[in-house]
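Worksheet: one structure, shown below.
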2 protein chains.
Amino acid sequence: MATNIYDIAYTLQNALKEQPEFQSLQALYKQVLSDPVAKPLFTEFQNFQMTLQQKMMQGQQITQQESAQAQALFTKVSQNPLIAQLMQTEQRLNTVIQDLNKIIMKPLEDLYTGINQ
Amino acid sequence: MATNIYDIAYTLQNALKEQPEFQSLQALYKQVLSDPVAKPLFTEFQNFQMTLQQKMMQGQQITQQESAQAQALFTKVSQNPLIAQLMQTEQRLNTVIQDLNKIIMKPLEDLYTGINQ
Ligand SMILES: [Ca+2]
Ligand SMILES: [Ca+2]
């Protein structure tokens, strides 16, 4: 018999918590935030990213200057080994999450693809 | 022991296919697309929506005229009982999917919330 769909989602939530990429990311965040060099760099980068995201969500254009500033800041934080490792781990976790989403949303994708053909 | 995370995602995919909201949406799409009155209305609405979405994704502003046109078209298609039922069902399914996403992404949300506090 069918299990409740939300129970399956909770099972997936627990599996995500146990996923090596998630466990590593959690550990790396703690390390970054307790590192006197990495922490201020990381905070500066996060704040700048958030400002740009808010601008984009409000439909405002990102200026060339802001884009160059983002690139320079990214290069700077990437040179910190801890932050570089954190960003690589985050990227790997994002890939896992994208793959999960593709699997889960396949029925809807098929439905909409069928319609437009 | 832990089940593979992708296996759990496939279990969720199957549960989504069996979900009443998904089954209804699938049936309603078939009905709309075989209805000589609903089909052209629905296609017109979908095409217009897609045009607006593409503009927004390209960072272009939606004009007041386009916004008014979208509203008028929405009112027109909503008066077709089949399309109205389809849109309500789609809304209910979106709510289910949003709830699933909230559950699955909770560990990440907690991680990022912890960081910024
Ligand atoms: Ca297609
Ligand atoms: Ca917070």
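The values are calculated or read from the model by the stated rules, or taken from the named source; none is laboratory data. Here the structure is a predicted model, which means the values were calculated and not measured. Here Cβ is always computed from backbone atoms with ideal geometry, including for glycine, and neighbour counts include all displayed protein chains.
So, in region B:106-116, of the ones that are facing chain A (nearest Cβ under 8 Å) and within 26 Å of the chain's Cα centre (by Cα), which residue ends up nearest to A:LEU93 (Cα to Cα)?
B:LEU108
Out of everything in region A:95-117 that is exposed (fewer than 13 other Cβ atoms within 10 Å of the Cβ) and more than 16 Å from ligand 1 (Cβ to nearest atom), what residue ends up being nearest to A:PHE45 (Cα to Cα)?
Within region A:95-117, the match that is nearest to A:PHE45 (Cα to Cα) is A:THR95.
What's the number of the only condition in (1) at pLDDT 95 or above; (2) within 10 Å of another protein chain (Cβ to nearest Cβ); (3) more than 20 Å from the chain's Cα centre (by Cα) that A:THR3 fails to meet?
Going through the list (1) at pLDDT 95 or above; (2) within 10 Å of another protein chain (Cβ to nearest Cβ); (3) more than 20 Å from the chain's Cα centre (by Cα), A:THR3 breaks only (1).
On the given criteria, is B:GLN85 in a helix (DSSP H, G or I), more than 13 Å from every other protein chain (Cβ to nearest Cβ), modelled with pLDDT of 95 or more and under 25 Å from A:TYR6 (Cα atoms)?
Considered against the rule, which asks whether it is in a helix (DSSP H, G or I), more than 13 Å from every other protein chain (Cβ to nearest Cβ), modelled with pLDDT of 95 or more and under 25 Å from A:TYR6 (Cα atoms), B:GLN85 comes out as yes.
Can you name the condition, by its number, that A:ALA27 falls short on among (1) within 30 Å of B:THR3 (Cβ to Cβ); (2) facing another protein chain (nearest Cβ under 9 Å); (3) of a type in the set (A, V, I, L, M)?
Tallying (1) within 30 Å of B:THR3 (Cβ to Cβ); (2) facing another protein chain (nearest Cβ under 9 Å); (3) of a type in the set (A, V, I, L, M), A:ALA27 fails exactly one: (2).
Is it true that B:GLY114 is within 16 Å of ligand 2 (Cβ to nearest atom), over 27 Å from A:GLY114 (Cβ atoms) and either small (Gly, Ala, Ser) or modelled with pLDDT of 95 or more (or both)?
yes
Kindly indicate whether any position in region B:56-68 is in a helix (DSSP H, G or I), away from chain A (no Cβ under 13 Å) and in contact with an Asp or Glu (Cβ under 9 Å, 6 or more places away or on another chain).
Checked region B:56-68: no residue is in a helix (DSSP H, G or I), away from chain A (no Cβ under 13 Å) and in contact with an Asp or Glu (Cβ under 9 Å, 6 or more places away or on another chain).
Please go through (1) within 12 Å of chain B (Cβ to nearest Cβ); (2) over 24 Å from A:LEU16 (Cβ atoms); (3) away from ligand 2 (no atom under 16 Å from the Cβ); (4) in a helix (DSSP H, G or I) for A:LEU52 and return the number of the only condition it doesn't satisfy.
If we test A:LEU52 against (1) within 12 Å of chain B (Cβ to nearest Cβ); (2) over 24 Å from A:LEU16 (Cβ atoms); (3) away from ligand 2 (no atom under 16 Å from the Cβ); (4) in a helix (DSSP H, G or I), just (1) comes out false.
Would it be correct to say that B:LEU108 is touching a residue at least 40 places away in the same chain (Cβ under 8 Å) and in a helix (DSSP H, G or I)?
No, not satisfied.
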